[in-house]
Amino acid sequence: MHSSRFQLSLTSSLALGLSALLAWTLVSGDAIGYPSGPAVSLGSNPVFSVGGHPGASDTTTVLTAPSDQAAIVTDVAITAIGYNGSYACTSSVSLLDPDGTSHASYRVASNTGPYSNSITPSNIVQSFSSGVAVAPGDTLRISLSGNCTVSYTLSGYYAQP
């Protein structure tokens, strides 16, 4: 079987073209992704995480946005357990803005098991697809009512207002 000059030329041209494309791909710069629109704008590390343990039947400021940035809360984790880890409990937990408007509200409970050292804590983990926005300079408060001992973690990022 004989190959024509046209077939050899075409095969050689394709091989050279693919080699050049592969070489260009290997030496091109890193791909860098940016959010669409004015999302993240803080120069260093735009993410934050805060946590704590509010007192029973208490309202506590958990986050204050910088004066030139909005804080976007994207994730919430809440754990509740009975007093001293040995009693059943129920509590309500809310995330409030400065004027008292609730942005998120949760009901948590904990039960004791058949033995005094057996406890079933309540755990809530939520990710917001759009986030809870805290305006520049504003605060986000957590309000707790009931008889559970509650721990919380909020995380998110700072963005242009």
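The distance separating the Cα centre of segment 131-153 from that of segment 58-73 comes to 9 Å. Summary value for segment 47-159: 50 percent relative contact order, contacts being C-alpha pairs under 8 angstrom separated by 6+ residues. For segment 47-159, the normalised intensity computed at q = 0.11, 0.18, 0.21 Å⁻¹ comes to -0.36, -0.84, -1.05 (log10 of I(q)/I(0), Debye sum over alpha carbons, equal scatterers, no solvent). Protection proxy ranking for 148-157, 91-100, 67-76, 123-132, using the average of other Cβ atoms within 10 Å per residue and placing the highest first: 148-157, 67-76, 91-100, 123-132.
Taken together, the values in this text are just the output of simple stated rules run on the coordinates, not laboratory data. Only a predicted model underlies this, so the values are computations on that prediction, with no experimental measurement involved. Ideal geometry is used to build each Cβ from the backbone, glycine not excepted, and the neighbour counts take in all protein chains shown.
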